[in-house]
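Reviewing the structure listed below.
Please treat every number below as a calculation from the coordinates, not as lab data. Remember, predicted model here, so these are calculated numbers, not experimental data. Note that we place each Cβ from the backbone using ideal geometry, even for glycine, and neighbour counts take in every protein chain shown.
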Amino acid sequence: MPTARNHMSTELLTVAPELPITEVAKRMVAKDVGAVLVFDESGLCGILTERDVLRAVADGIDEATTLVRDRMTAHPETLDADDTTEHAAVLMIHGGFRHLPVMQEGEVVGVLSIRDLMRVVLDDSVPRGV
């Protein structure tokens, strides 16, 4: 069974919780990512996803005062780098989310997305060359 470490994204966009959500949304667009990891002085404290930003916009955010901390998911579920992609899929389905921070020895080393998991499924089902 494939492991998270072999399919995760390692180019991470990280932000502080006190940044304005509009600034972070611009960074997400520029880097073409669907989630950012939020770090404070103690380490990983949250995750902000495109879905969180969309909900904030729908609620009528104030560009000057709505901060990442107001909309992020605090203390997100994480996955170990050696956990299987199947385990990741179960966590995502049951938790209702599409991005999981991946940990190794207490440090964040990547993010595994639902798109990454789809690539695993397609790699297993698409016929190889002749």
Over 20 Å [Cα-Cα, the range 1-109], rounded percent
40 percent
At 7 Å along the Cα-to-beta-carbon direction for both residue 6 and residue 29, put a label point, then send me their distance in nm to one decimal.
3.8 nm
